[in-house]
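Student: Here's a structure for you.
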Amino acid sequence: MDEQTKSWRIVAVRRLSEALLEALSEVAEVDYFEDVDESNRADFMAALSRAHGLIGGKLELNEAMLAEAPALQVVSTISVGYDHLPLKALNQRRILLCNTPDVLTETTADTAFMLIMATQRRLVELSNLVRDGGWRTHIGPEYFGIDVHGKTLGIVGAGRIGAAIARRGALGFGMPILYTAASSKPALEQQLGAKRRELNDLLAEADIVCLSAPYNSDTHHLIDADALARMKTTAALINIARGKVVDELALIKALHSGGIRAAGLDVFVEEPLPPDSPLAAMDNVVTTPHIGSATHETREAMAQLAVDNLLGTLIGSGPLTAVNEHVWRRADAIEET
Ligand code: DGY
């Protein structure tokens with residue numbers, strides 16, 4: 001490695017494997033933070049102020065922090081979502097933002113289906129019944145669930161993950177598929193018989209509504225009290241997108257009042273979900289702690305892709321999956337300016 005390349009400085013945040021940290025260390029000085037909190041924020045900021053690259057999961061970054069990081073060229077998030085990052089400010093500073101799409105698609109679709117199954121068949125509630133010694137006699141209708149197969153699955157946001165959920169539903173469970181998307185998806189329509197709908201129509205027709213849209217100003221509280229009121233009272237809402245896509249207070253009300261039957265939630269407005277949230281205590285809600293992509297295989301693949309994005313950007317071969325590739329200038333161009 002020549003001296004120029006070795007002069008990169010990288011800040012890495014949160015659990016990267018030894019092997020990946022070593023790969024970064026081969027080409028750069030690495031400042032590694034397993035976590036950033038009040039106790040080490042000053043050290044983190046000092047490292048960021050010298051850094052050319054920043055990599056990690058759940059990165060906390062804002063405009064003021066970017067102003068303190070004049071050398072920063074690339075932010076490589078170990079997530080597909082980047083709603084927590086200041087894209088506009090990154091664009092203005094011509095800092096490349098890379099994310100990790102594709103490698104998590106199937107795992108996240110598995111998570112959605114896990115929540116669908118658990119919600120329809122009351123898995124957590126009935127498992128708790130057994131664990132707590134409540135299974136004393138045959139199981140009667142008060143504990144029956146609702147079928148998954150054959151029910152109408154409405155997918156709000158049929159991007160890559162939404163399409164993978166649709167495949168599971170249509171091919172595995174014989175579910176009619178409805179979807180919303182900015183444009184029609186001929187492949188889904190031809191291969192799965194999926195039908196595009198306006199949101200309000202999808203909400204009214206679906207037995208299970210699954211949210212897989214990215215969070216942005218258009219999708220903030222997309223599912224509010226009005227939207228919930230359009231759903232069937234027998235329907236379930238599944239959210240693997242972002243908590244703020246749903247008006248959580250309206251959801252709690254709808255679940256309490258029987259406006260909808262159940263919810264399966266992997267994401268929340270506040271994470272970790274406060275233990276005193278009503279959502280944590282309701283029998284008709286299945287909660288998981290934002291584990292959409294959280295398998296060993298997939299988290300490793302995401303971290304590897306994030307490292308490849310970071311190093312590709314700094315060394316000059318280019319990122320593999322950038323959000324704002326238009327701002328990228330090759331490293332040699334940066335050197336010339
Ligand atoms: C993602 O990658 O965006 C997942 O939601 C995990 O944060």
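Student: Could you tell me how far the Cα centroid of segment 122-187 sits from the Cα centroid of segment 47-62, in Å?
Tutor: That distance is 38 Å.
Student: Pick out, from ILE238, THR180, ALA194, the residue whose Cα sits farthest towards the positive end of the charge dipole of segment 169-243, with +1 on the Cβ of Lys and Arg and -1 on the Cβ of Asp and Glu.
Tutor: ALA194
Student: Compute the length gained on full extension between THR295 and LEU171: take 0.36 nm times their separation in residues and subtract their Cα-Cα distance, giving the result in nm to one decimal.
Tutor: Additional length available on full extension: 42.3 nm.
Student: Once label points are set 7 Å from the Cα along Cα→Cβ at both LYS88 and HIS256, what is their separation, rounded to one decimal in nm?
Tutor: 3.5 nm
Student: What are the principal axis extents of the Cα atoms in the chain, in Å, biggest first?
Tutor: In descending order, the Cα extents are 72, 47, 33 Å.
Student: Follow-up. For the peptides 154-166, 62-74, 110-122, 87-99, what is the packing order when you average, over each peptide's residues, the other Cβ atoms within 10 Å and list the highest mean first?
Tutor: Descending packing order for the listed peptides: 154-166, 110-122, 87-99, 62-74.
Student: For the modelled label position 7 Å from the Cα of GLU271 along Cα-to-Cβ, which residues of segment 96-118 have backbone nitrogen atoms closer than 19 Å?
Tutor: The answer is 98-116, whose backbone nitrogens lie closer than 19 Å to the label point.
Student: Mind checking which aspartates and glutamates have their C-alpha under 19 Å from LYS244, skipping anything on the same chain fewer than 8 residues away?
Tutor: GLU60, ASP83, ASP218, ASP224, ASP226, ASP266, GLU270, GLU271, ASP276
Student: Sticking with the crude label model, points 7 Å out along Cα→Cβ, report the distance from ALA280 to ARG50 in nm, one decimal please.
Tutor: Roughly 4.0 nm, to one decimal.
Student: Under a Cβ-only charge scheme (Lys and Arg +1, Asp and Glu -1), can you give me the dipole magnitude of the chain about the Cα centre, in debye to the nearest 20?
Tutor: Dipole magnitude for the chain comes out near 1200 debye.
Student: Using the Cα centre of segment 109-195 as the reference point, and only Cβ charges (+1 on K/R, -1 on D/E), how large is the resulting charge dipole? Debye, rounded to the nearest 20.
Tutor: 180 debye
Student: Between the helical axis of 18-27 and the dominant principal axis of the chain, each derived from Cα atoms, what acute angle in degrees is found, rounded to the nearest 10?
Tutor: The angle comes out near 30 degrees.
Student: Setting aside same-chain residues fewer than 8 positions from LYS232, which lysines have a Cα under 19 Å from its Cα?
Tutor: LYS151, LYS195, LYS253
Student: Then there's this: By how many nm would the segment from ALA187 to PHE144 grow when fully extended, if each residue of separation counts as 0.36 nm and the alpha-carbon distance is taken off?
Tutor: Extending this stretch completely gives an extra 11.9 nm.
Student: Taking 0.36 nm per residue of sequence separation and subtracting the Cα-Cα distance, how much length would be gained by fully extending the chain between HIS221 and GLU60, in nm to one decimal?
Tutor: Result for the pair: 55.7 nm of gain on full extension.
Student: Projecting each Cα onto the charge dipole of segment 1-140 (Lys/Arg +1, Asp/Glu -1 at the beta carbon, about the Cα centre), which of ALA118, CYS98, VAL74 comes out farthest on the positive side?
Tutor: ALA118
Student: Mean separation of Cα pairs under 8 Å and 6+ residues apart, divided by the residue count of the chain: what relative contact order is that in percent?
Tutor: 17 percent
Student: Could you state the number of Å between the C-alpha centres of segment 79-109 and segment 296-318?
Tutor: Each part reduced to its Cα centre gives a spacing of 12 Å.
Student: Now for a separate question. Name the residue from LEU228, LEU249, SER212 whose Cα lies farthest towards the positive end of the charge dipole of segment 179-309, charges +1 on Cβ of Lys and Arg and -1 on Cβ of Asp and Glu.
Tutor: Result: LEU228, furthest along the dipole toward the positive end.
Student: Send over the semi-axes of segment 4-53's equivalent ellipsoid, whole angstrom and largest first, taken as the square roots of 5 times the C-alpha gyration tensor eigenvalues.
Tutor: 19, 14, 5
Student: Mind putting a number on the dipole of segment 98-250 about its Cα centre? Charges go on the C-beta only, +1 for Lys and Arg and -1 for Asp and Glu, and I need it in Debye to the nearest 20.
Tutor: Computed about the Cα centre, the dipole is about 320 debye.
Values quoted throughout were computed directly from the atomic coordinates according to the rules given, and no laboratory measurement underlies them. Treat the numbers as computed from the prediction; the structure is a model and nothing was measured. Cβ atoms come from the backbone with ideal geometry, glycine included; neighbour counts cover every protein chain shown.
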